[in-house]
Every structure is written in C-alpha cells, then in structure tokens.
1. Output the direction-averaged projected area (hull surface divided by four) of the convex hull of the alpha-carbon atoms of the range 12-305, in nm².
2. Assigning unit charges at the beta carbon (Lys, Arg +1; Asp, Glu -1) and nothing else, what dipole magnitude in debye, to the nearest 20, does the chain show about its Cα centre?
3. Report relative contact order for the range 178-219 in percent, whole number only (criteria: Cα-Cα under 8 Å, sequence separation at least 6).
4. Loop-only chymotrypsin sites (Phe, Trp or Tyr not before Pro) in the range 141-238, please: DSSP not H, G, I, E or B, and at most 12 other Cβ atoms within 10 Å.
5. Which order do the peptides 3-9, 28-34, 283-289 come out in when sorted by mean C-beta neighbours inside 10 angstrom, highest first?
6. Antiparallel DSSP bridges in the chain: what percent, to the nearest 5?
7. Counting other Cβ atoms within 10 Å of each Cβ, which GluC sites (Glu not before Pro) in the range 239-280 have at most 13 and sit in a DSSP loop?
8. Amide H to amide H under 5 Å from LEU275: which residues, 5+ apart in sequence or cross-chain, H placed 1.01 Å off N in plane?
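Read-outs: derived from the displayed coordinates by stated rules, not from any lab. The structure presented is a predicted model; accordingly, all values stated were derived computationally and were not measured. We place every Cβ from the backbone using ideal geometry, glycine too, and count neighbours over all the protein chains shown.
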Amino acid sequence: MSVAETIEQAGGRTLWLDRPGGIRLRMAVFGEPGPRGWCAFLPGYTEFIEKNLETVADLRARGFAVVTHDWRGQGLSSRLLADRHKGHVLRMEDHRDDALAVLQHAGALDRGPMVVVGHSMGGHLTLRLLMHRQGIARAAVLSAPMIDITRIGLPRPLVHALVEGLGAVGFQDRYVFGGKGYGPKRRRFEGNRLTRDPERFERMHRLIDAQSDLVITDPTFGWVRAAFRSIRYVTAPGRLEAVPTPTLIAKAGREVIVANPAIDEAIQRLPRATLVVLPEAEHEILRETDAIRAAFWRAVDDFLAALPAG
C-alpha cells in the first residue's frame, strides 16, 4: 500500500491564510472541481493535513476537488500557547469561522453547495457549519462525530461546573488532569484506542518524526470548556432538527473517545440522517484496516449515489 506522505506527493498545493489576531492557517487544495465539485475535509482533534492524505486520495478518486486545513492550534497553523504539545482553543466558533474563511480562500464557496466530510471534532464542526450557514453543503459525511465526549468518569453536570470554574480562575492554559506531552507511550500500538491497523498507526508517527512541529497531545481546560460549550449548543432543543442537509454518520463499534449514545440520539433528531455502524472499528475509522475502510467507503458511495442530481 503506497500512500503519499507530503502534500506535494499527493498532488496538492499548500496555501496560507492570515486570520484576525495574528493567526495563520495552513491549508491545502487538491485538484480542480469537476462535475462533482468540491469536498471540504474537516479533520479531528490533534490531526494535521499529512495524516489524512489517504482520505484525500479516496475523495479525489470519487471525482472531488478537495480542500482541507490545519485547525488553529494544530499542525503547522499558528499555535496558541508556547507549549506546542498542548491542544488549546477557547472558542469552537473560531474553528467554524476559520473553516468558512478557508473555503472562501480556496474558491469552494463560488460553485454552489459542496460535500463536507468531517471526522470526530471535524464532524462536530461540520454540524456547526450546517447550522450557521444553511445550504452550504448538499451533503455531509460524519466519521465518529463528536456529538458528545465519553470517558468523563464523573457526573456530567459536575464536570461541566468544574471545567467552567477552573477556566474562570486562570487554569484554561493548563493540561486537563493527567495530560502531558508526546512521549514513547503514545507510540505503542498495543492498547491504542484509535485504530486496529498497525501500518497506518506507524505512518502517523513516522510523519511526526519527519516534522515534530505537527504533534499535539492532550487538551487544556480551555479546549475542554470550549468543546463542552459547543456540544451544548449543537444538542440544544431544535438545533439538530433544523439541519436539512442529507447526512451520513459512521459509528465505530469499539468507540471510547466520543459518545456513541449521543450519535444515536442525533440520528433520531436529524431530519435526513443515515447511520452506518462499523462494529469492529476503533475511533479513527478513516485509518482503520482495509476491510473496515472498504465498508465505510461503500456506505459513502451508496449515500452519494442516492443524492438528488445537481
């Protein structure tokens, strides 16, 4: 299996976009839009463009021009703290607005509705885009979307109050309890909760070895506070019900990162949602084994084929 490991090897071009507040975003564009138009790929927490070049190739093979980017605080986009290993942002709305600016800069908003594919946090932010700008997409595909977060361990209202309180007293820049930087433990394939595919797992760490500035690890209290606030926004009464976009949601059967019960509830609330369950998949469906990925892409192909023409 040969997968490009640089944007250029994948046939893309790197662009840079300046945003208010001195933030600089790294983005990449692959191909020119043909009959299927644009696909925006919104990655997950900790991710960077190179990690998803296999997915970019899969989307290009389906006739899309693809635009993607590193979120602020991730990859080679501007980091918000001196410690580059900390995952940090204070408002998910900044991510949403950055995504809109990236799409505008690429010209993807000039040719009518696109398809948006989002993984994990990117799936959550896809929903924020659909709620913020109705009609921006003719379809959405969400891989293990962050409708809510699992692995909390305490009653959720208590956790929310704790995170808000710690943020209020100046802890927003600190790692969450137990958080730390990149080290040997993160390189162990055995027991990882992201993928069952050792080759794809090793590829990610090889990319980090080649460019150590790509890595981030655990989030800050500020990031968690922003995530909880945005989750409450998305799941508030009436919000999911008001999204008319046809949406395919892929759920990982071995999920321990995002909350599958929240995905099940979202499926019931979204007016035009389709669910595909991948029982043997860990959280990172797009970096799973060939068999799991093939099942995911079959579901995507069936979903796209069923969309109205145009």
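1. On the way: hull surface 57.4 nm².
Mean orientational projected area (the range 12-305, Cα hull): 14.4 nm².
2. 540
3. Answer for the range 178-219 is 59 percent.
4. Details: sites: PHE171, TYR175, PHE177, TYR182, PHE189, PHE201, PHE221, TRP223, PHE228, TYR233; in loops: PHE171, PHE177, TYR182, PHE189.
For chymotrypsin sites (Phe, Trp or Tyr not before Pro) across the range 141-238 that sit outside H, G, I, E and B with at most 12 neighbouring Cβ atoms in 10 Å, the list reads PHE177.
5. On the way: 3-9: 14.7, 28-34: 17.7, 283-289: 23.4.
Result, highest mean first: 283-289, 28-34, 3-9.
6. 35
7. Counting only loop positions with at most 13 other Cβ atoms within 10 Å, the GluC sites (Glu not before Pro) in the range 239-280 are GLU280.
8. Those qualifying (amide H under 5 Å, at least 5 residues apart or on another chain) are ILE249.
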